[in-house]
Each structure stands twice: as structure tokens, then as C-alpha cells.
Amino acid sequence: MIDANKVLNTIEKAILAFKNTLGRSGRVVRIANASDVIVVGDLHGRVDHLKKAYQLADLKANPNRILIVQELIHGTTTHSDGSDNSHLVLDMVALLKCQFPNQIHYILGNHELSQVTNRKISKNNLDLNQSFDLGIAHAYPLAVDKIIAAYKQLISVIPAMIFLPNQVCISHSLPDRTKLEDFDVKRLEVLPEQEIDLIPGGNVHSLVWGRDTSLENATAFLNKVGAQWLVTGHIPCAQGYEYPNSRQIILDAHFDNAGYCLLRADREITQGDFNTSGRLL
């Protein structure tokens, strides 16, 4: 049985590390000093893929490298009772955040938002929020409520957008064109958010749920946030990554073809750089 007290202690330290991340303002982090950045697609419980990404990043040997992960929870890997064990990825990222506070970043996804706001999200008729909580109960039977509360506190302070100094924007998704006019990045820089920001049509909700990947919408979004290139997840990619338009790459690390991208952060990004950034773990 996993020691719940150790997990709680790690999560508490990780929460402080996220709050104290250099360049952080609310849900926005602006990276100032980094040589390169590795962004991993939606993990959804894939501990094996997180381990591969961590080994690839080799953060100890590369102190100016950043590793960004997203959508850790609500996966298809399970405990022996069939409940979701994706909380194990959350535990691992919390531990890594404590070890590398300014090299590890975990960005908010729609599944995390649904979990902490208790807004139902399902797949194949399975209530993913409920399965996640049941997984916690299976792993930490004597501290269920404390662990659930700690995870919610952690998710409440992780960033929703990360900007590199060379005009790269990293977020889980982007608002659909019908929501883009009302989207305001400045609202993301204030914590805690207003309740209206977290519900459908709200600032945060629109950012993590949108699926309009047209060049027109991506360009309008990038112009609005002051960036040139967009790195997202959210949309499944069986091949690990895809370029829906010339300004955006979508990453997915849930399937066996786990996608990530590698981008320089210390110089200007060209179209050629961006078009060759997609990789497989």
C-alpha cells in the first residue's frame, strides 16, 4: 500500500513549488531563461510515457531545459478493481516538481478542470470523475478525502498557458472562434478565478475545451495573446502528433505512439524549426 502521508507531503510541497515558479502570474507562466523545451502530449495515466519523457529530458544534466506535461488524469489504465489509476501520474509529476521546481510544468487540461469543478465528463458511458475518485479510494483507503482535496488544490494552481521568450505559446487548447472575442489572457493572471471563468463559455473553460484548429482561428488567437506559434494537446492523434495548420502542433501521448515536441527557447523559431519539432517517445 502506498504511504498516503508521504503523498500528501509531496503534493503540499508541489503546490508551493507551482505557486513559486519563476515567471508565474496566476495561471500564466512566462519562461525567461531556458535553452530548449520539451512538451509532451496528453498522458491520461500513462506512467510509462511520463518515465520515457523524464529520461529523454534528462533535467539534471540539462539545467536549462524545461519539460511540460499535460492532461495527466482520466486514463484507461486501472487498479485491480477496475478503477482509474491515473492519479499515479499526478503523484509522479508532483514529486518531479519538488525536485525540479523551475524545470517541470504541468498545464491545465479540460479533464482536470472537469474533475475539480465536479462537472461530469464521460467516455464509453463511464463517469471519469467518479472512476478517478474510486481509484484514489483504492490506493489510499484511509485518506481518501484528504488526497482528493490535495489534488484539487494542486490543480487549482497549475498554469493554463506558458509563453516562451521566442513567441511560442503552450496551452492545452484554444478558444473556438465564437468564444475568442471574449477571451482575455489577463484574466488568467489572477488567482483564484471567478466562478464564471470555469463554466462553459468562461475564460478558462473556453481555453481548455476549444477544438477549432483552423488557420484563421489559430492566427487570431495567437495575435490576441502576442505569439507566433502554438503548441496544444486535447485532440487525439493516433500517430502522436499532427500539424492542423502552419502555426500549430497538436500533441498526444495517450496512445502507444506518444507524441512530444522539442523547441529551442533561446532563439527565434522559424517555420522549418516548427515543422520538424514533432517527435515520438
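The values are calculated or read from the model by the stated rules, or taken from the named source; none is laboratory data. Model, not experiment: these values are computed from the prediction. Glycine also receives a Cβ, built like all others from the backbone with ideal geometry; neighbour counts cover every protein chain displayed.
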Return yes or no: is residue 104 without any contact (Cβ under 8 Å) to a residue 60 or more places away in the chain and among the β-branched types (Val, Ile, Thr)? yes
Quick test for you: out of 43, 72, 59, pick the one residue that is hydrophobic (A, V, I, L, M, F, W, C), in contact with an Asp or Glu (Cβ under 7 Å, 6 or more places away or on another chain) and under 19 Å from residue 281 (Cα atoms). 43
If you go through the range 64-83 one residue at a time, do you hit one that is closer than 16 Å to residue 95 by Cα, in contact (Cβ under 8 Å) with a residue 24 or more places away in the chain and of a type in the set (Gly, Ala, Ser)? no
Does any residue of the range 128-144 turn out to be touching a residue at least 60 places away in the same chain (Cβ under 8 Å), touching a strand residue (DSSP E or B) at 6+ places or on another chain (Cβ under 8 Å) and either buried (at least 21 other Cβ atoms within 10 Å of the Cβ) or within 28 Å of residue 249 (Cα to Cα) (or both)? no
If you go through the range 227-246 one residue at a time, do you hit one that is among the charged types (D, E, K, R) and out of contact with any strand residue (DSSP E or B) (no Cβ under 6 Å at 6 or more places or on another chain)? no
Checking residue 167 against (1) farther than 24 Å from residue 17 by Cβ; (2) surrounded by fewer than 14 Cβ atoms within 10 Å (Cβ to Cβ): exactly one of these is not met. Which one? (2)
Between 59, 72, 50, 90, which is crowded, with 16+ Cβ neighbours inside 10 Å, part of a loop (DSSP other than H, G, I, E, B), within 15 Å of the chain's Cα centre (by Cα) and not β-branched (Val, Ile, Thr)? 72
Hey, can you tell me all the residues within the range 145-173 that are among the aliphatic types (A, V, I, L, M) and either modelled with pLDDT under 95 or not in a helix (DSSP H, G or I) (or both)? 157, 158, 160, 161, 162, 164, 168, 170
Could you list all residues from the range 196-233 that are out of contact with any Gly (no Cβ under 9 Å at 6 or more places or on another chain), modelled with pLDDT of 95 or more and among the small types (Gly, Ala, Ser)? 202, 206, 210, 214, 218, 220, 226, 227
Within the range 107-116, residues in contact (Cβ under 8 Å) with a residue 60 or more places away in the chain and of a type in the set (A, V, I, L, M, F, W, C) come out as 107, 108, 113
Across the range 179-195, what is the total count of residues that are β-branched (Val, Ile, Thr) and at pLDDT 95 or above? 1
